[in-house]
1. So B:G27 clears everything in (1) out of contact with any Lys or Arg (no Cβ under 9 Å at 6 or more places or on another chain); (2) more than 8 Å from ligand 2 (Cβ to nearest atom); (3) on the phi < 0 side of the Ramachandran plot; (4) not charged (D, E, K, R) except one condition, right? Which one?
2. As an exercise: evaluate A:D127 against (1) near ligand 1 (Cβ under 9 Å from one of its atoms); (2) surrounded by 17 or more Cβ atoms within 10 Å (Cβ to Cβ) and give the number of the one condition it does not meet.
3. Of the residues in the range B:33-66, how many are open to solvent by less than 20 Å² (accessible area, probe 1.4 Å), within 13 Å of chain A (Cβ to nearest Cβ) and touching a helix residue (DSSP H, G or I) at 6+ places or on another chain (Cβ under 6 Å)?
4. If only one of B:T240, B:T294 is open to solvent by less than 50 Å² (accessible area, probe 1.4 Å), modelled with pLDDT of 95 or more and β-branched (V, I, T), which one is it?
5. Looking at (1) assigned to a loop (DSSP other than H, G, I, E, B); (2) more than 14 Å from chain B (Cβ to nearest Cβ); (3) under 22 Å from A:K8 (Cα atoms), which is the one condition that is false for A:R239?
6. Residues A:L195, A:L190: which one is more than 16 Å from ligand 1 (Cβ to nearest atom), within 14 Å of chain B (Cβ to nearest Cβ) and either open to solvent by 70 Å² or more (accessible area, probe 1.4 Å) or in contact with a Lys or Arg (Cβ under 9 Å, 6 or more places away or on another chain) (or both)?
7. Name the strands (runs of 3 or more DSSP E) wholly within the range B:87-192 that hold at least 3 residues that are within 14 Å of another protein chain (Cβ to nearest Cβ)?
8. In the range B:1-32, what residues are within 19 Å of B:S107 (Cβ to Cβ) and within 14 Å of chain A (Cβ to nearest Cβ)?
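The values are calculated or read from the model by the stated rules, or taken from the named source; none is laboratory data. This one's a predicted model, so the numbers in the text were calculated from it and none came from an experiment. Cβ placement follows ideal geometry from the backbone for every residue including glycine, while neighbour counts extend to all protein chains displayed. The protein model used for the area step is the full one, side chains on, heavy atoms only, and it has no ligands, DNA or RNA in it. Shrake-Rupley method; radii C 1.70, N 1.55, O 1.52, S 1.80 Å.
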Amino acid sequence: MHIVVCIKQVPDAAQVKIDPKTNTLDRSSAPAILNPYDAHAVQEAVNIKRLYGGRVTVLTMGPPQAKDIIRKSLELGADAGILLSDRAFAGSDTWATSYILSQGLSELRAREPIDLILCGKQAIDGDTAQVGPGIARRLNIGQLTYIQKVESVDFVERSIIVHRRVDQGYEVIQAKLPCVVTVEKEINELQYSSLPEMMRAAQYQPLVWGVNDIHAEVNNMGLNGSPTTVRKIFSPPERTGGERLTGSIDDMANQLVNVLLEKIS
Amino acid sequence: MSIRQEVIIVGGGVAGLSAAYTLAKAGVEVMVLERGLNSGTKNVMGGVLYRQMMEEMIPDFWKEAPLERRIIEQRFWLMGKDSVTQSAYKDMSWDSPPYNNFTVFRSKFDQWFAKKCTEAGVLILNETLVTECIIKGNKVVGVRTNRPDGDVYADVVVLADGVNSLLAKNLGFHKEWTSDQVALAVMEEIKLPAKVIEERFNVGPETGATIEIYGESTQNMMGTAFIYTNKEHVSIGCGTLLSQLSKSNIKPYELLEMLKQNPLVKPFIEGGESAEYYAHLIPEGGYHSIPRLTGDGVLVIGDAAQLVNSIHREGSNLAMTSGRLAAEAILQARRLGEFDEKTLSIYPRSLKESFVYQDLAKYKDAVHIMERNPAYFNHHLPAVNSAMKEILTVDGKSKRDKQWLIVKSYFKGRSFLKVLWDLFTLGKAMK
Ligand SMILES: Cc1cc2nc3c(=O)[nH]c(=O)nc-3n(C[C@H](O)[C@H](O)[C@H](O)COP(=O)(O)OP(=O)(O)OC[C@H]3O[C@@H](n4cnc5c(N)ncnc54)[C@H](O)[C@@H]3O)c2cc1C
Ligand SMILES: Cc1cc2nc3c(=O)[nH]c(=O)nc-3n(C[C@H](O)[C@H](O)[C@H](O)COP(=O)(O)OP(=O)(O)OC[C@H]3O[C@@H](n4cnc5c(N)ncnc54)[C@H](O)[C@@H]3O)c2cc1C
């Protein structure tokens, strides 16, 4: 049983500042952390491993500093980690990112079959929630999004049963393995790592793969391989405080009717 | 499974990291346990980092460390409500290597230093709180952390856990600090464009100035205030001996607000945006408050050992030097294969021979004299400004009359003998 979790390094949203002039995120001011949804994905993989046995590998595409989130995942109980890092990857949008990750996953799968892929529901900086589904599509396997509970995994029958969040509740879904599952934070509680796990993580040196290691096509990545263009980034305008009616209920009702009538005419 | 390391260091501030770096470079297996998210998140400093002590560990560190500005001018203010007597020293040689000191953000600097330690082979575990020392007989043999399976054993434990040092207190090395042994400091970082800072402080794109302020800046309580220049921030803060602050009924943030509103200070920070706000204790008990520094299997360094020279606002450098000297003592002890108090007392001995102890010994009574006698801050300091005002205001009074007025107002409410005594005792304590 081999579970792979895709993890992303993101600026700590609580500490990101928005440059009031350019309206862009000032990422440099905020420390980089493991995307909070991904932390829960790693925890879920570790929980499944503890129930059913197996191995957990984490995979991230990012700059060399992204090794820190691989170590963080090891603290949570992951067994190994791989960093996809190459100048050619820089500037990739969600389309190119899921291409690179799926190439990495294919390379990994060739060495050790993958039974389940976990992702976060979304990254707290990009917020698109596209990368998980993108990977599933490229690997031609099923996708289960917004998952708030893994009910059971059957490695003999090769299926998984999960609870998927919908507006008024949740759906119970059964799917074939392997598939991609993107998780909500409610799926589990993060566990406090033990000291030996902390030590192992601090000393861990992840594998680093570049473009050639994953047999990827350079034209499909980076700025050139990214069909998305950013037209404009802006903070939504703040709501201006509306009009406040005061008085008895009857008074206010009358005032309201008058205001509405005025607006219509 | 029990974990063992040769040396455990509790606290990843500059003291702990200095000890760790020195040990790792000598090939010792060393682990740092830090409760913060990483080094730098829990550490507060106005911002002046002294080059010499850092360079003794990492030569040319200034070529790569995250520094803000190199300081080329230090100003001193005696401040009244709307007046100030200033002196300043500017030195252009401080603008070229090897430099004198720099402003830094501890959040960035400590993180960089921690990275250097990791590269040197130190094992740093963050978000890990040490709850107690593990003791066998009389010897400290390890520490207990708040993590599952969280005990770690070692030959020596170095306590670099900062001003409160609950661990040294629990070992009985010192009692809870009294309110005249610590100052409470609050500070703010105010964001301003680099150009504006350079104009207001009359410095270049890489250089900076510091202002130390006495008097009205702490409402004439014993303490100091400061304004330091960073690249795109001005740090402004003030610290007051806790004993005086609690008597005054003024809240620490009110003190800082009054400082920021002072018409002499305001122009320096006007138009800036508050970026960070901090509050932290500073150990100011000085020489007489230095606790026991060693025991069997244990050493205390940095703020945890009250090693701060409050008269010269030096702390980080004393922390670094104490860390390095503790590490060197451990290296010797390791060669001897003994980690008892007697062997480890190489550390307090070498500390005594260093500037750390000698500076603290020089001022050993100064702080206490000033703390016991409020006249220094509420009579003598304001008197300087009144005298300057009298002398420099041209109003038709003869200079002789003015001199007489100055003398008269100086001795108003304080007898000639008392004034003489005040000046004599402080002069003696500072000489
Ligand atoms: C034109 C354009 C240019 C861009 N240029 C850059 C750039 O130069 N540098 C840059 O850093 N970003 C850049 N981005 C943003 C970057 O492409 C996205 O952040 C990234 O594709 C992931 O999208 P997301 O953040 O919306 O993730 P989501 O789709 O919201 O993430 C969902 C889940 O997918 C997984 N995942 C996402 N990203 C990764 C990853 N990198 N590694 C492993 N797993 C992952 C995680 O499990 C995550 O929880 C650019 C975007 C655009 C549109
Ligand atoms: C407002 C202000 C301005 C200052 N200005 C200057 C200045 O301009 N120049 C100067 O040289 N000095 C200055 N100082 C003093 C200087 O900041 C200190 O002397 C210096 O930080 C001491 O370093 P340290 O490593 O001993 O302690 P700290 O930097 O306080 O580090 C102690 C570390 O131990 C950790 N810790 C504590 N308990 C535990 C535990 N139980 N388990 C795990 N970790 C623990 C803490 O999280 C912390 O990271 C200033 C201080 C203040 C408050």
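1. For B:G27, the exception is condition (3).
2. Here A:D127 clears every test but (2).
3. Selection size over the range B:33-66: 2.
4. B:T294
5. The one condition A:R239 does not meet is (3).
6. Working: A:L190 fails: more than 16 Å from ligand 1 (Cβ to nearest atom).
Step by step, each of A:L195, A:L190 is checked, and only A:L195 is more than 16 Å from ligand 1 (Cβ to nearest atom), within 14 Å of chain B (Cβ to nearest Cβ) and either open to solvent by 70 Å² or more (accessible area, probe 1.4 Å) or in contact with a Lys or Arg (Cβ under 9 Å, 6 or more places away or on another chain) (or both).
7. Correct list: B:123-125, B:130-136, B:139-145, B:151-159.
8. Of everything in the range B:1-32, those that are within 19 Å of B:S107 (Cβ to Cβ) and within 14 Å of chain A (Cβ to nearest Cβ) turn out to be B:G12, B:A20, B:V32.
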